[in-house]
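Take a look at the structure set out below.
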């Protein structure tokens, strides 16, 4: 009886890993076999990576805020680990979204980067805000102080996520409007819609798997006593010290 | 009422310290003036119209030096000082509010002093209804000071504080910058300034609400 939860827990990650491999495979297959876009041609396939990455970044930062609230209310380090893991993944997905967006922008818009695009600029700022969040975590050695400080920043930082999401509606911008709207998915034909949705599911599975794996690493990381980086023996000379 | 009295006491303390130390007036302001001179010196003034650079240079100075004002050395509290305030029963939100009020007053003064210099040396297009910029700058200074006070508390006592606090403040201050620069742009183009003002007011309110909610947790983290 007692071994049941741990067995379930130990099976969860391999199961998720298997599902993710299958999902990513299916995503790749649908992305490569769907019809090319009338205007963008084969460059539309980049969007099957770009759009799910951007969605997952929003989800990840939302989960970071949830973890922050969870920590502030319950004061359990598990919530802080959830916030940390999700923020790291959010930064990763934001970087993928920015990079793939730039790759797509060059042939379609004629430029890798356009300052007139509100979504692009605000996403880049969101990326830097969460880099700051991760830097704050890294700079705070005590786990409880780290959890307290980063929970506050996690809550402040999430305010701008809706601004980034709705920036395409709030400002005049080059970026296309929302792809998924209440009146349907705004894409060419059904194979493109399928490819987008399958990739969204695959990226979500990837996020959940990586999140579980990262949360599991957390306690082991905390157990490592005072890791000193290579080269830390070399220190700056102490000013004002007599020989 | 007690909250307001405590807020005023903290703000007054910070302003008195600044009055004695003169860090903003003797260090930050001259540094900002040097920054005003750097851009024309680094540009080919025969090819570039400096008037076009006036607004971007002003907002850059407002953001970076406004942040400097809040994070100034004489304005930072030690852990012992913060513990004393806790023992005295000062509301953590009042402590942050008081610090933000004093920083906002100093930032506002810095922005008011730097503005005419930028107009004088860059010769931008005339700005109709220039007085509208006074409340706009006050809203901008309030939001920036709240944000920088929050970042200062989040990074209090950390070795990387001097680099980490600006990394937190600058990207989060962009809505304030967008709002304030939209007001200026609207004045120049003689349009309604409502959108920019609304962005500023909403950003300030969101920051104030977050500070009120997070004040207790911040106090625990820094004492």
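The values are calculated or read from the model by the stated rules, or taken from the named source; none is laboratory data. Being a predicted model, the structure only gives us computed values, none of them experimental. Cβ sites come from the backbone with ideal geometry, for glycine too, and all protein chains shown count toward neighbours.
Of note:
- Residue B:186 exposed (fewer than 15 other Cβ atoms within 10 Å of the Cβ) and either over 19 Å from the mean Cα position of the chain (by Cα) or free of Cβ contacts under 8 Å to residues at least 12 places away in the same chain (or both): no
- The residue that is nearest to the other protein chains (Cβ to nearest Cβ), counting only those in the stretch A:109-130 that are touching a residue at least 12 places away in the same chain (Cβ under 8 Å) and out of contact with any helix residue (DSSP H, G or I) (no Cβ under 6 Å at 6 or more places or on another chain), is A:124.
- Residues in the stretch B:189-218 that are assigned to a helix (DSSP H, G or I), away from every other protein chain (no Cβ under 12 Å) and surrounded by fewer than 20 Cβ atoms within 10 Å (Cβ to Cβ): B:194, B:197, B:201.
- Checked against the criterion of being in a loop (DSSP other than H, G, I, E, B), more than 14 Å from every other protein chain (Cβ to nearest Cβ), closer than 29 Å to residue B:49 by Cα and in contact (Cβ under 8 Å) with a residue 60 or more places away in the chain, the stretch B:173-182 has no qualifying residue.
- Criterion: outside any loop (DSSP other than H, G, I, E, B), more than 26 Å from residue B:180 (Cα to Cα) and in contact with a helix residue (DSSP H, G or I) (Cβ under 8 Å, 6 or more places away or on another chain) - qualifying residue of B:74, B:80: B:74
- Residue check for residue B:63: out of contact with any helix residue (DSSP H, G or I) (no Cβ under 8 Å at 6 or more places or on another chain), under 21 Å from residue B:30 (Cβ atoms) and at pLDDT 90 or above: no
- Some residue of the stretch B:33-56 being surrounded by 12 or more Cβ atoms within 10 Å (Cβ to Cβ), part of a helix (DSSP H, G or I) and under 16 Å from the mean Cα position of the chain (by Cα): no
- Residue A:96 vs. criteria modelled with pLDDT of 95 or more, part of a helix (DSSP H, G or I) and over 16 Å from residue A:214 (Cβ atoms): yes
- Members of the stretch B:137-155 that are in a helix (DSSP H, G or I) and within 9 Å of chain A (Cβ to nearest Cβ): B:147, B:150, B:151, B:153, B:154
- Applying the criterion of being more than 7 Å from every other protein chain (Cβ to nearest Cβ) and surrounded by 19 or more Cβ atoms within 10 Å (Cβ to Cβ) to the residues of the stretch A:131-156, the residue that is nearest to residue A:81 (Cα to Cα) is A:147.
- Verdict on residue B:158 being more than 13 Å from every other protein chain (Cβ to nearest Cβ) and out of contact with any strand residue (DSSP E or B) (no Cβ under 7 Å at 6 or more places or on another chain): no
- Among the residues listed as A:95, A:31, the single one being surrounded by 15 or more Cβ atoms within 10 Å (Cβ to Cβ) and at negative phi: A:31
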